[in-house]
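One structure is given below, encoded as structure tokens.
The values are calculated or read from the model by the stated rules, or taken from the named source; none is laboratory data. Model, not experiment: these values are computed from the prediction. Because the Cβ atoms are built from the backbone with ideal geometry, glycine has one as well, and the counts that use them run over all protein chains shown.
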Amino acid sequence: MEKPKIKDDYKNQIKEFQPKPPYFLNCLKAFIIGGLICIVGQGIQNFYIHVFNFSEKEASNPTAGTLILLSALLTGFGVYDKLGQFAGAGSAVPITGFANSMTSAAIEHRSEGVVLGVATNMFKLAGSVIVFGVVAAYVVGIIRYFYGIAF
């Protein structure tokens with residue numbers, strides 16, 4: 001019979017003393033904050049549609065740009081990080097969460113200079129995401145191409 005490891009035994013002993021995470025409350029906060037971010041995005045898109053007479057398709061790019069700008073500004077002022085601590089995954093709505101992560105990396109390394117600090121560290125996360133996006137788009141494009149030939 002194998003002797004249980006002290007590390008595993010310790011983990012089992014302290015389990016009963018650890019607080020249980022409030023899963024439902026965390027999900028609710030993420031849902032509400034994520035939904036509010038999406039409502040703000042929809043409001044911005046409606047603004048571009050009604051004020052500048054853009055079509056829905058034409059308004060999508062300036063809406064994305066505005067959300068990125070707002071997210072970067074709120075990250076710079078420290079507001080988005082507090083929102084992220086409160087909402088958890090709800091603040092990681094794709095476009096605003098991505099802008100937040102890029103801006104945070106750039107701010108964190110600004111003391112190293114513009115090129116070696118901000119520029120290189122800003123794209124640490126973005127590089128892997130962009131590469132994955134390009135490769136995935138290529139694979140889907142190839143599949144679609146051969147699917148179109150076959151049918």
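I'd like the residue in the stretch 1-50 that is outside any helix (DSSP H, G or I) and either charged (D, E, K, R) or more than 25 Å from Gln85 (Cα to Cα) (or both) and, out of all such residues, is modelled with the lowest pLDDT. Talk me through it step by step, then tell me what you get.
As a first pass, look at the stretch 1-50 and keep what is outside any helix (DSSP H, G or I): 1-5, 18-22.
Then drop every residue that is not either charged (D, E, K, R) or more than 25 Å from Gln85 (Cα to Cα) (or both), which leaves 1-5, 20.
On the way: Met1: 52, Glu2: 59, Lys3: 59, Pro4: 56, Lys5: 64, Lys20: 87.
Applying the filter and picking the extreme gives Met1.
What are the residues in the stretch 125-151 that are surrounded by 13 or more Cβ atoms within 10 Å (Cβ to Cβ) and at pLDDT below 70, if any?
Leu125, Ala126
Could you please find all residues in the stretch 7-59 being of a type in the set (Phe, Trp, Tyr), closer than 28 Å to Ser71 by Cα and free of Cβ contacts under 8 Å to residues at least 24 places away in the same chain? Walk me through it before giving the result.
To start, the set of residues in the stretch 7-59 that are of a type in the set (Phe, Trp, Tyr) comprises 10, 17, 23-24, 31, 47-48, 52, 54.
Still in the list and also closer than 28 Å to Ser71 by Cα: 23-24, 31, 47-48, 52, 54.
Correct list: Tyr23, Phe24, Phe47, Tyr48, Phe52, Phe54.
Results for (1) of a type in the set (Asp, Glu); (2) within 16 Å of the chain's Cα centre (by Cα); (3) surrounded by fewer than 10 Cβ atoms within 10 Å (Cβ to Cβ), shown as yes or no for each residue.
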{"residue": "Lys15", "(1), (2), (3)": "no, no, yes"}
{"residue": "Phe24", "(1), (2), (3)": "no, no, yes"}
{"residue": "Asn46", "(1), (2), (3)": "no, no, no"}
{"residue": "Ile49", "(1), (2), (3)": "no, no, no"}
{"residue": "Ser55", "(1), (2), (3)": "no, no, yes"}
{"residue": "Thr63", "(1), (2), (3)": "no, no, no"}
{"residue": "Leu69", "(1), (2), (3)": "no, yes, no"}
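The single condition among (1) surrounded by fewer than 18 Cβ atoms within 10 Å (Cβ to Cβ); (2) at pLDDT 90 or above; (3) among the small types (Gly, Ala, Ser) that Ala87 does not meet is (1).
On the stretch given as the stretch 15-73, residues that are among the aromatic types (Phe, Trp, Tyr) and closer than 15 Å to Ala89 by Cβ total 3. Only residues that are within 12 Å of Thr96 (Cβ to Cβ) and either among the small types (Gly, Ala, Ser) or exposed (fewer than 15 other Cβ atoms within 10 Å of the Cβ) (or both) were counted across the stretch 26-35, and they come to 1.
Does Thr103 satisfy being among the hydroxyl-bearing types (Ser, Thr, Tyr), in contact (Cβ under 8 Å) with a residue 40 or more places away in the chain and surrounded by 14 or more Cβ atoms within 10 Å (Cβ to Cβ)?
Details: among the hydroxyl-bearing types (Ser, Thr, Tyr): yes; in contact (Cβ under 8 Å) with a residue 40 or more places away in the chain: no; surrounded by 14 or more Cβ atoms within 10 Å (Cβ to Cβ): yes.
Judged against the criteria, Thr103 is not a match.
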